[in-house]
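Visitor: Right, I'll just put the structure down here and ask away after.
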There are 2 protein chains.
Amino acid sequence: MKETSTADFDKIDLKILRALQSDGRLTNADLAQRVNVSAATCHRRTQRLFDEGYITGVRAEVAPAAVGLGALVMVGVVLDRSTPESFAAFEGAAMELKEVLDCNLVAGDFDYLLKIRVRDMADFNKLHGEKLIALPGVRQTRTFFVMKEVKESARLPF
Amino acid sequence: MKETSTADFDKIDLKILRALQSDGRLTNADLAQRVNVSAATCHRRTQRLFDEGYITGVRAEVAPAAVGLGALVMVGVVLDRSTPESFAAFEGAAMELKEVLDCNLVAGDFDYLLKIRVRDMADFNKLHGEKLIALPGVRQTRTFFVMKEVKESARLPF
DNA sequence: GAGACAATGAAAGAAACTTCCACAGCAGAT
DNA sequence: ATCTGCTGTGGAAGTTTCTTTCATTGTCTC
């Protein structure tokens, strides 16, 4: 199981992955043409990429501001204790918070780094005071308000 | 221009946005059924959401490990000077680095927070030594290796 | 070469897309 | 109250696309 190295994709598979990463709603016919292969083959290839889990999903990206989520905030979290139970409890609770878009266990000055979307600063203050610092085992948080989203969710560079 | 508040969506629009956020490849027919509206209406609504920019794109999510990008790293960056030129130069250069998936200007201990994907630690070391610290105006960087991706790119909570 | 195997493209019935059209609901003016 | 314009709706129909089947091609091994 070589998880960290490229799976056995040929040039066609890679082209399909790249094309669908750019436009997930490409029709099979268009995709086939772009990849220089018949529709039938393209269909089979694409199906395989989905079935075998190389494509984990296709999502429409909704403009955050349009749905009242204009504010992006990063939060570093330090826990009280570094026990497996402590980590598990925090992770479980963080999973439940819908405002938490990403949650990563990291090595460095923090235990976790969270990416959070809310309507505005007032909303974040409320979330911070009522929910974040109340998450299990939280000793300290450090907030980084995002003032400008320079680059956001770029495509995977492969 | 009320950028931070919810645009004028009715319940149907919101349902469409949510459905496509979960599965961007839903056929118009399925979407129409799920939203309880005729195919024609659903098609028109969806088209509008794309045309008016409320859906900024539809992307297939490719399993990072499958394409040799198993390592995720967050990097905090502090610049030498806080001049507009300095920021612009850094942002321009960061945009060019394909390994940099996200780049955000933040308020707090750092000037920028970067999200980076590479094959492994060795790859990151190379990137860090050859490219990151060479970005224009960088005084200091702080690296956070992600040891566990607890939650990744969750859907927008609206 | 011969045989086994995997992958391919053409074809065709089924499904979906996308446009056109007539109609319903609603607001404002008369 | 009625008219009028406007917006949004669903049915229908022609066109496109999907998805399966099948015969064929190319490759590898012996």
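Visitor: Charges at C-beta only: +1 for Lys and Arg, -1 for Asp and Glu. How large is the resulting dipole of the range A:53-119 about its Cα centre, in Debye rounded to 20?
Guide: With only Lys, Arg, Asp and Glu charged at Cβ, the dipole is about 340 debye.
Visitor: Run through the other copies and list how far each one's label point is from that of A:Gly92, in nm with one decimal, shortest first; the point sits 7 Å from Cα along Cα-Cβ.
Guide: 5.2
Visitor: Just to be sure I understand: with springs between alpha-carbon atoms less than 10 Å apart, which residue in B:Asp51, B:Asp102, B:Asp80 has the highest mean-square fluctuation in the Gaussian network model of chain B?
Guide: Looking only at B:Asp51, B:Asp102, B:Asp80, the largest GNM fluctuation is found for B:Asp51.
Visitor: Okay, next question. Taking the rotation axis that maps chain A onto chain B, which residue of A brings its Cβ closest to that axis, and at what distance in whole Å?
Guide: A:Gly24, 2
Visitor: How large is the helix-only mean residue ellipticity at 222 nm for chain A, computed as the sum of -39500 (n - 2.57) over DSSP H runs with n ≥ 4, divided by its residue count, in deg cm²/dmol to the nearest 500?
Guide: Rounded to the nearest 500, the figure is -10000 deg cm²/dmol.
Visitor: Using only the alpha carbon atoms of the range A:64-145, find the Kirkwood hydrodynamic radius as the inverse mean reciprocal pair distance, in angstroms to one decimal.
Guide: 12.8
Visitor: Oh, and also: Once Rh for the range B:11-51 is found with the Kirkwood sum over Cα pairs, what is the Stokes-Einstein diffusion coefficient at 10 °C and 1.306 mPa s, in µm²/s?
Guide: 164
Visitor: Another question, then. In debye, nearest 20: dipole of chain A around its Cα centre with unit charges on the Cβ of K, R (+) and D, E (-)?
Guide: It works out to roughly 500 debye.
Visitor: Taking a point 7 Å out from Cα toward Cβ as the label site, list the nm distances between B:Asp51 and the same residue in every other copy, smallest first.
Guide: With the label placed 7 Å along Cα→Cβ, B:Asp51 yields 3.9 nm.
Visitor: Which of rounded, prolate or oblate describes the range A:34-87 when judged by the alpha-carbon gyration tensor and an a/c cut-off of 1.5?
Guide: oblate
Visitor: Per 0.36 nm of contour for each residue apart, how much would the distance between B:Glu152 and B:Lys131 grow if the chain were fully extended, relative to their Cα-Cα spacing?
Guide: Computed gain between B:Glu152 and B:Lys131 is 5.0 nm.
Visitor: At most 15 other Cβ atoms within 10 Å plus a DSSP loop assignment makes a site exposed; report the longest stretch of chain A without any exposed trypsin sites (Lys or Arg not before Pro).
Guide: Free of exposed loop sites, the longest segment is A:3-80.
Visitor: Mind telling me which of B:Glu130, B:Glu96, B:Glu52 comes out most flexible in a GNM of chain B, alpha-carbon contacts under 10 Å?
Guide: Looking only at B:Glu130, B:Glu96, B:Glu52, the largest GNM fluctuation is found for B:Glu52.
Visitor: Let me ask you something else. So, in Å, what gap is there between the alpha-carbon centers of the range B:118-158 and the range A:72-118?
Guide: About 17 Å separates the Cα centre of the range B:118-158 from the one of the range A:72-118.
Visitor: So what's the net charge close to A:Leu127: Lys and Arg +1, Asp and Glu -1, counting the other residues with Cβ under 14 Å from its Cβ?
Guide: My count for the surroundings of A:Leu127 gives +1.
Visitor: Longer than 25 Å from Cα to Cα, which of A:Lys131/B:Lys98; A:Lys151/B:Lys151; A:Lys115/A:Lys151; A:Lys98/B:Lys115 are they? Say none if no pair is.
Guide: Over 25 Å apart, Cα to Cα: A:Lys131/B:Lys98.
Visitor: Compute the FRET efficiency between A:Leu14 and B:Asp10 as 1/(1 + (r/R0)^6), taking r as their Cβ-Cβ distance and R0 = 41 Å, and round to the nearest 0.05.
Guide: Here the calculated transfer efficiency is 0.50.
Visitor: Expressed as a whole percent, how much of the Cα-Cα distance distribution for the range B:1-125 exceeds 26 Å?
Guide: Taking all Cα-Cα pairs of the range B:1-125, the fraction more than 26 Å apart is 49 percent.
Visitor: Pick from A:Gly70, A:Gly92, A:Gly57 the residue whose mean-square fluctuation is largest in a GNM of chain A, springs joining Cα atoms under 10 Å.
Guide: With Cα springs under 10 Å in chain A, the top fluctuation among A:Gly70, A:Gly92, A:Gly57 is at A:Gly57.
Visitor: Along Cα→Cβ at 7 Å, what distances in nm separate the A:Ala154 label point from those on the other copies, shortest first?
Guide: 2.6
Read-outs: derived from the displayed coordinates by stated rules, not from any lab. For clarity, every value in this text was computed on a predicted model and none was experimentally measured. Neighbour counts are summed over all protein chains in view; Cβ atoms, including those assigned to glycine, are modelled from backbone coordinates with ideal geometry.
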